[in-house]
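Trainee: Please read through the structure below; I'll follow up with questions.
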Amino acid sequence: MGRKRNPWPYLLVAPALLTVLTVVFIPVVNAVSMSFQSYDLRRPSRIGFIGLGNYAEVLSDPLFWQSVWKTVVWVGVGVGFQFLFGFILALLLNRRFFGRGIVRSISLIPWVTPGVLIGLMWRWIYDGSYGVLNDILLRLGIIRDYVPFLARGDTAFPAVILTIIWQGIPFFALMILAGLQGIPEELYDAADVDGANGVQKLFRITIPSLRNVIFVTTLLRIIWVSNSVDVIFNLTEGGPAYATQTLSVYVFNKGNSLNLGYAATMSILLALMLSSVAVVYLRRIFRNQEAAR
Amino acid sequence: MKKVFALAVVLSMIALAVAAAPKPVTITHWYWADNPKYSAVMKEMAADFNATNGKGITVVVQEYPWDGGGYSETLFRAAMGGGGPDTSSAKLTSTPLFVSNNLWENLDKYINRWKDKDQIDPALWKTMRDASRTKNVFLMPWTTQVLYVYYRPSMFKAAGISVPKNYAEFLDACAKLTKDTDGDGRTDVYGFGMRGFRGGHEPWGSFIQARGGTFADFTTAKAVAGMQDFIDLFKKGYVPPTAPMDGFNEIIANFKSGKTAMTVHHIGSSTGMIDTFGDDVDAFPFPGAEGKWTSMGDTENVMFRSSKNKDAAFEWLAYLAAGKGQITWCAATGNVPVSKAVQKLPQFQSSRFMKVSIEGAPFAGIYPVLDTTTEWISTIWPNTIAAALQGKISAAEAMKQLQTGLYK
């Protein structure tokens with residue numbers, strides 16, 4: 001006779017499981033299904049299964065490959081500098097100085113500001129006619145005439161990358177700061193006794209101790225920035241001449257124009273690309289959990 | 001016995017009165033407003049309709065941003081998701097999308113029994129019918145806006161030029177009005193406020209057609225010549241360098257701040273222009289050469305098939321098209337009324353901007369209403385134009401891309 005099972009754990013998990021199934025699993029299955037269909041709401045009579053038709057079309061679309069490359073640059077440069085400046089900010093905020101609490105709070109502002117607001121705010125900062133950035137650069141004598149930062153192909157993409165860097169620095173700073181506070185002071189005391197200088201302590205104690213924090217934070221940020229639409233869309237909508245169109249913005253634009261099959265196909269491909277990052281992240285997490293047992 | 005009979009009669013009459021009294025219904029109406037003033041006017045109109053319709057109809061108006069055309073997408077998503085309003089403001093270009101998805105109500109039977117249907121010009125009814133690519137009318141006309149060129153008479157006087165009578169004079173005026181007013185080597189006033197971002201296809205169309213091009217084929221030599229004129233204005237520095245990303249807000253701000261001497265928009269902006277410049281602002285129809293065309297902006301109202309109170313919904317649409325709502329809205333916004341009786345009212349005959357709108361009406365038109373038009377307007381046109389203005393592609397290449405994008 002089998003042991004009687006206690007239903008309570010299942011009942012307690014059920015609401016969360018149902019929620020996840022409803023808001024994650026079903027939409028994902030739906031997106032996968034759409035990617036195999038001609039699903040353009042502008043042409044409802046043509047909706048139907050087309051096999052790999054969307055995938056073939058997407059993979060032969062030059063704009064798709066351009067968007068993939070833009071995404072690589074957007075993530076590589078954006079997250080790279082977010083990490084670099086976030087790390088420096090965390091080191092500064094870890095020191096004792098007057099007003100540290102206020103500085104820590106202020107430094108969080110970019111992170112807590114909604115992406116839509118950031119987009120609108122920076123759009124005005126970069127404005128080629130009335131923007132404050134142009135005004136400052138002109139007064140400093142760095143430029144001779146106003147630069148339409150968001151209207152030029154060569155400046156628009158660096159401008160949106162600068163914005164995402166500004167937004168993401170506090171996240172890195174916050175996570176690394178938390179990590180810094182977990183490093184035992186004794187390690188630094190011992191290094192002092194051994195005559196280590198600041199650089200040696202940074203590379204021999206601080207960075208190795210923060211390895212897990214840096215790893216997890218960077219991976220998470222890569223995924224978030226890859227999927228980010230709000231900042232770019234509110235700054236440029238992917239223009240001018242698709243100069244700022246990352247893959248997620250392309251998906252958004254196609255979705256907005258109601259070609260949902262095409263948008264779903266690109267989403268699936270983006271998800272596959274990001275899953276390689278997610279797999280590394282999950283393996284690390286599970287390995288850490290195993291080690292902790 | 002008599003008392004009982006009298007009581008029975010009275011009770012019967014009360015019962016009949018109660019039965020005959022209109023059942024109160026609520027209609028939800030979506031709209032967009034270009035500024036807070038128009039928003040307030042719409043709320044006043046709804047309040048007026050609610051107080052005067054005498055049929056127990058209450059209209060609840062809900063405002064959504066126009067968002068460079070994003071309104072139509074918001075409305076579509078809401079309706080497809082099973083929500084959305086009973087009635088809504090809409091544009092002709094949205095028609096194929098909503099009609100092919102069976103979202104809008106065919107208004108024919110309501111219009112046929114509408115006493116004011118003859119107040120609307122038959123040509124306008126035809127435009128509504130053509131937009132749906134059926135024999136039915138799905139949109140109730142509301143207002144039209146004919147695009148024209150705003151200009152600053154004082155700047156024209158300073159440049160020693162008069163109002164352009166033809167396309168060549170217009171291009172010449174763009175050059176002559178571009179000035180370095182303080183001699184620091186930088187342009188302070190640009191001749192023309194070019195709209196290179198969303199919505200810019202409307203004034204752009206005037207350049208194409210002025211050269212004799214048409215929207216049926218963007219790749220003809222004439223259409224490409226119009227595109228080249230557009231590019232040249234940018235390359236020669238007669239328009240702000242921000243033009244590839246300048247939308248409605250930017251062209252209006254540049255004109256109002258004196259950064260541009262001319263720009264293209266419709267009468268909807270006239271109130272703000274007069275507030276800013278007083279008498280130092282005027283308008284002229286976009287001039288032509290081999291061809292002549294300007295964009296007819298349109299705003300209609302539609303009824304959704306999902307509405308449970310269609311007769312009440314049509315009462316509201318009728319109020320907007322030919323009733324007091326037509327007068328109030330057009331007077332406040334400066335839009336051109338669609339009702340012939342309202343057009344004849346003195347208040348609409350005296351405005352100088354209305355006069356220019358009426359002058360432009362004979363050659364005003366719309367873009368082909370296709371299922372690709374919305375994406376072409378919002379994504380393909382601005383990005384292709386930006387590439388052409390930046391010199392990444394030639395005028396001919398740009399026109400080829402635009403042709404493929406619209407007629408794919």
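The values are calculated or read from the model by the stated rules, or taken from the named source; none is laboratory data. If you're wondering where the values come from, they're calculated on a predicted model, not measured in any experiment. With ideal geometry, Cβ positions are generated from the backbone for all residues, glycine too; neighbour counts draw on all protein chains shown.
Trainee: How many residues does segment B:70-86 hold that are away from chain A (no Cβ under 12 Å) and under 21 Å from B:Ala312 (Cα atoms)?
Mentor: Here the count works out to 6.
Trainee: With under 30 Å from B:Tyr110 (Cβ atoms) and surrounded by 21 or more Cβ atoms within 10 Å (Cβ to Cβ) as the only criterion, which of B:Thr373, B:Thr384 stands out? Write out each step before concluding.
Mentor: On the way: B:Thr384 fails: under 30 Å from B:Tyr110 (Cβ atoms).
Being under 30 Å from B:Tyr110 (Cβ atoms) and surrounded by 21 or more Cβ atoms within 10 Å (Cβ to Cβ) holds for just one of B:Thr373, B:Thr384, which is B:Thr373.
Trainee: Taking the residues in segment A:85-112 that are within 15 Å of the chain's Cα centre (by Cα) and surrounded by 13 or more Cβ atoms within 10 Å (Cβ to Cβ) as candidates, determine which candidate is nearest to A:Gln181 (Cα to Cα). Before the answer, list the steps.
Mentor: From segment A:85-112, those within 15 Å of the chain's Cα centre (by Cα) are A:86, A:110-112; that's our starting set.
Next cut, surrounded by 13 or more Cβ atoms within 10 Å (Cβ to Cβ) only: A:86, A:110-111.
Working: A:Gly86: 15, A:Pro110: 22, A:Trp111: 21 Å.
Result: A:Gly86.
Trainee: Scan segment B:289-311 and give yes if some residue there is within 14 Å of chain A (Cβ to nearest Cβ), surrounded by 21 or more Cβ atoms within 10 Å (Cβ to Cβ) and in contact with a helix residue (DSSP H, G or I) (Cβ under 6 Å, 6 or more places away or on another chain), otherwise no.
Mentor: The answer is no, given that none of the residues of segment B:289-311 is within 14 Å of chain A (Cβ to nearest Cβ), surrounded by 21 or more Cβ atoms within 10 Å (Cβ to Cβ) and in contact with a helix residue (DSSP H, G or I) (Cβ under 6 Å, 6 or more places away or on another chain).
Per-residue answers, yes or no, for (1) out of contact with any Leu (no Cβ under 9 Å at 6 or more places or on another chain); (2) assigned by TED's automatic domain parsing to the domain that holds B:Lys117; (3) at pLDDT 95 or above:
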| position | (1), (2), (3) |
| --- | --- |
| B:Ala313 | yes, yes, yes |
| B:Leu320 | yes, yes, yes |
| B:Ile327 | no, yes, no |
| B:Gly334 | yes, yes, no |
| B:Leu345 | yes, yes, no |
| B:Ala386 | yes, no, yes |
| B:Ala395 | yes, no, yes |
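Trainee: Could you check B:Arg195 against (1) part of a helix (DSSP H, G or I); (2) under 17 Å from the mean Cα position of the chain (by Cα) and say which number it fails?
Mentor: (1)
Trainee: Restricting attention to helices (runs of 4 or more DSSP H) lying wholly within segment B:330-405, give those where 2 or more residues are among the polar types (S, T, N, Q) and either more than 23 Å from B:Gly68 (Cβ to Cβ) or within 17 Å of the chain's Cα centre (by Cα) (or both).
Mentor: Details: elements: B:340-343, B:346-349, B:352-360, B:381-389.
Once the helices (runs of 4 or more DSSP H) in segment B:330-405 are filtered for at least 2 residues that are among the polar types (S, T, N, Q) and either more than 23 Å from B:Gly68 (Cβ to Cβ) or within 17 Å of the chain's Cα centre (by Cα) (or both), what remains is B:346-349.
Trainee: Filter segment A:83-133 for residues that are under 30 Å from B:Lys259 (Cα atoms) and out of contact with any helix residue (DSSP H, G or I) (no Cβ under 8 Å at 6 or more places or on another chain) and give the result.
Mentor: Scanning segment A:83-133 gives A:Leu117, A:Met121.
Trainee: Additional query: Picking from A:Gly78, A:Gly86, A:Gly119, which residue would you name as being in contact (Cβ under 8 Å) with a residue 40 or more places away in the chain, out of contact with any Ser or Thr (no Cβ under 7 Å at 6 or more places or on another chain), assigned to a helix (DSSP H, G or I) and within 14 Å of chain B (Cβ to nearest Cβ)?
Mentor: Going through A:Gly78, A:Gly86, A:Gly119 in turn, the sole match is A:Gly119.
Trainee: Restrict the check to segment B:8-22 and report whether at least one residue is at pLDDT below 95, touching a Lys or Arg at 6+ places or on another chain (Cβ under 9 Å) and closer than 26 Å to B:Trp104 by Cα.
Mentor: yes
Trainee: Condition first: buried (at least 24 other Cβ atoms within 10 Å of the Cβ) and out of contact with any Pro (no Cβ under 9 Å at 6 or more places or on another chain). Now tell me which residues in segment A:147-160 satisfy that. I'd like the intermediate steps shown before the answer.
Mentor: Residues of segment A:147-160 that are buried (at least 24 other Cβ atoms within 10 Å of the Cβ), as a first pass: A:149-151, A:156, A:160.
Correct list: A:Val160 only.
Trainee: Does B:Ser89 satisfy being in contact (Cβ under 8 Å) with a residue 40 or more places away in the chain and within 14 Å of another protein chain (Cβ to nearest Cβ)?
Mentor: In short, no.
Trainee: Shifting gears a bit: Could you tell me which of the residues B:Ser94, B:Ser88 is in a helix (DSSP H, G or I), under 22 Å from the mean Cα position of the chain (by Cα) and either crowded, with 20+ Cβ neighbours inside 10 Å or not hydrophobic (A, V, I, L, M, F, W, C) (or both)?
Mentor: One residue alone meets the criteria, B:Ser94.
Trainee: May I pose another question? Please specify each residue of segment B:125-152 satisfying the condition of being in a loop (DSSP other than H, G, I, E, B) and under 23 Å from B:Ala331 (Cα atoms).
Mentor: B:Leu147
Trainee: Out of (1) modelled with pLDDT under 95; (2) in contact with a helix residue (DSSP H, G or I) (Cβ under 9 Å, 6 or more places away or on another chain); (3) surrounded by fewer than 16 Cβ atoms within 10 Å (Cβ to Cβ), the odd one out for A:Arg42 is which?
Mentor: Of (1) modelled with pLDDT under 95; (2) in contact with a helix residue (DSSP H, G or I) (Cβ under 9 Å, 6 or more places away or on another chain); (3) surrounded by fewer than 16 Cβ atoms within 10 Å (Cβ to Cβ), only one is false for A:Arg42: (3).
Trainee: For A:Leu247, work out the one condition from (1) among the aliphatic types (A, V, I, L, M); (2) farther than 30 Å from A:Asp127 by Cβ; (3) away from chain B (no Cβ under 12 Å) it doesn't fulfil.
Mentor: (2)
Trainee: In segment B:244-258, which residues are more than 7 Å from chain A (Cβ to nearest Cβ) and either under 19 Å from B:Trp381 (Cα atoms) or polar (S, T, N, Q) (or both)?
Mentor: Hits for segment B:244-258 are B:Asp246, B:Gly247, B:Phe248, B:Asn249, B:Glu250, B:Ile251, B:Ser257.
Trainee: Ok, one more. Is there a residue in segment B:43-60 that is under 21 Å from the mean Cα position of the chain (by Cα), within 14 Å of chain A (Cβ to nearest Cβ), part of a helix (DSSP H, G or I) and not hydrophobic (A, V, I, L, M, F, W, C)?
Mentor: no
Trainee: Search segment A:124-146 for residues being facing chain B (nearest Cβ under 8 Å) and farther than 17 Å from A:Asn234 by Cβ, and hand back the single one that is surrounded by the fewest Cβ atoms within 10 Å (Cβ to Cβ).
Mentor: Top of the filtered list is A:Arg144.
Trainee: Can you list residue pairs whose Cβ atoms sit under 6 Å apart, with the first residue in segment B:371-382 being more than 18 Å from B:Ser132 (Cα to Cα) and the second being assigned to a helix (DSSP H, G or I) and at pLDDT below 90? Count only pairs 6 or more apart in sequence or on different chains.
Mentor: From residues that are more than 18 Å from B:Ser132 (Cα to Cα), the pairs are B:Ser378/B:Gly69.
Trainee: What number of residues in segment B:220-243 are hydrophobic (A, V, I, L, M, F, W, C) and either within 12 Å of chain A (Cβ to nearest Cβ) or within 18 Å of B:Val281 (Cα to Cα) (or both)?
Mentor: 3
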